[in-house]
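S.K.: Take a look at this one; I'll ask things after.
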Amino acid sequence: MYKIFSCIFIISVSFIVGCSDSTTYNNDDVAAVVRGEEITVGDIRFFAEIQDEDFPKAVEAKVRETIVIQEAKKMNINVSDEVKKSVEHFGIYPPDDVDTEQANKIRDFAESQAEKFHMEPEEFHKKFIKRSAERSAYQNAFFKEHLGKPDTHEEAEEMNEEIQLIVDGLMEKHEDEIEILIN
């Protein structure tokens with residue numbers, strides 16, 4: 001059940017992604033600044049291909065994610081063991097001789113993204129897994145600290161509303177320290 005809870009916030013962010021890359025913005029463009037931390041277009045594009053019209057939503061989602069991660073770090077939450085386990089488990093790039101739907105999707109995404117970030121697909125995949133695991137772990141730990149761990153799927157769904165209220169509160173509390181440049 002905890003995995004359901006831990007994915008709720010990430011999944012809500014994932015629904016905003018589209019199918020093709022934005023051509024209006026350069027990877028080095030600053031999309032937002034959250035309490036002094038710059039978020040670039042490349043930071044957002046690293047995790048998904050986003051259409052131009054969806055970029056403002058993606059920026060807002062990344063800002064919301066960033067403020068939660070900053071708060072988790074302020075709480076001195078250590079996620080290194082969890083990130084290490086995720087990288088060990090999911091960080092293995094599927095060899096070419098593995099012909100499954102999942103392996104093909106992983107390779108296709110890694111190859112496409114690696115080219116955009118001037119990396120080898122294996123290198124991109126490993127960094128993608130590490131960065132994904134880290135951002136998820138910080139958010140999960142933050143919300144677990146504030147809301148506890150749900151016991152049922154229903155409790156996890158109910159917590160989603162509380163999660164949104166917590167994030168809204170953080171956004172409001174720090175609105176003077178948040179500058180969204182792409183909206």
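The values are calculated or read from the model by the stated rules, or taken from the named source; none is laboratory data. Note that this is a predicted model, so its numbers are computed, not measured. Don't worry about glycine lacking a Cβ; one is built from the backbone with ideal geometry, like all the others, and counts go over all protein chains shown. When the accessible area is computed, the model is the full protein with side chains, heavy atoms only, and any ligands, DNA or RNA have been set aside. Shrake-Rupley method; radii C 1.70, N 1.55, O 1.52, S 1.80 Å.
S.K.: Which of the following values of Cα extents along the principal axes in Å was calculated from the structure shown: (i) 42, 38, 33; (ii) 47, 39, 28; (iii) 54, 37, 30?
M.R.: Derived directly from the coordinates: (ii).
S.K.: Can you give me the long-range amide H partners of M75? Hydrogens built in the peptide plane at 1.01 Å from N, cutoff under 5 Å, separation of 5 or more residues or another chain.
M.R.: Sorted by chain and number, the residues that satisfy this come to none at all.
S.K.: On to the next question. Taking amide H positions as placed in the peptide plane 1.01 Å from N, state which residues far from I178 in sequence (5 or more) or on other chains have amide H under 5 Å from it.
M.R.: R35
S.K.: While we're here: Compute the FRET efficiency between V98 and H118 as 1/(1 + (r/R0)^6), taking r as their Cβ-Cβ distance and R0 = 25 Å, and round to the nearest 0.05.
M.R.: In this case the efficiency is close to 0.45.
S.K.: How big is the charge dipole of the chain about its Cα centre, in debye rounded to the nearest 20, if each Lys and Arg gets +1 on its Cβ and each Asp and Glu gets -1 on its Cβ?
M.R.: Result for the chain is approximately 600 debye, rounded to the nearest 20.
S.K.: If you don't mind, another one. Subtracting the Cα-Cα distance from 0.36 nm times the residue separation, let me have the gained length for Q51 to N76 in nm, one decimal.
M.R.: Here the segment from Q51 to N76 would lengthen by 5.4 nm.
S.K.: Further question: Can you give me the % of accessible surface on region 117-183 that is carbon or sulfur? Probe 1.4 Å, all protein chains present, nothing else counted.
M.R.: 44 percent
S.K.: Could you give the nm distance between label points at K149 and E88, where each point is 7 Å from its Cα heading toward the beta carbon?
M.R.: Reported label-point gap for K149 and E88 is 1.9 nm.
S.K.: Just to confirm, what accessible area per residue do you get for the chain at 1.4 Å probe, in whole Å²?
M.R.: 58 Å²
S.K.: Let me ask you something else. Which of the listed residues, N183, F124, Q51, is farthest toward the dipole's positive end in the chain, when Lys, Arg count +1 and Asp, Glu count -1 at the beta-carbon?
M.R.: F124
S.K.: Still on this structure: How much length, in nm to one decimal, is gained on full extension between E175 and D28, taken as 0.36 nm per residue of separation minus their Cα-Cα distance?
M.R.: 50.5 nm
S.K.: Among P95, P150, P121, which one shows the highest mean-square fluctuation when the chain is modelled as a Gaussian network with alpha-carbon springs under 10 Å?
M.R.: P95
S.K.: Taking amide H atoms as placed 1.01 Å from N in the peptide plane, list the residues 5 or more away in sequence, or in a different chain, whose amide H sits under 5 Å from that of A31.
M.R.: Placed amide hydrogens put I39, T40, V41 under 5 Å from A31.
S.K.: Here is a further query. Convert each backbone phi in region 26-41 into a coupling constant with the Karplus relation 6.51 cos²θ - 1.76 cosθ + 1.60 (shift: θ = phi - 60°), then list the ³J(HN,Hα) values in order as whole Hz, x for Gly and Pro.
M.R.: Ordered by residue, 3J(HN,Hα) equals 8, 4, 7, 4, 7, 8, 6, 10, 10, 6, x, 8, 7, 10, 9, 4 Hz.
S.K.: Of the cross-linked pairs K85/K173; K74/K126; K116/K149; K57/K127, which ones have a Cα-Cα span greater than 30 Å in the structure shown?
M.R.: Check vs 30 Å cut-off fails for K85/K173; K116/K149.
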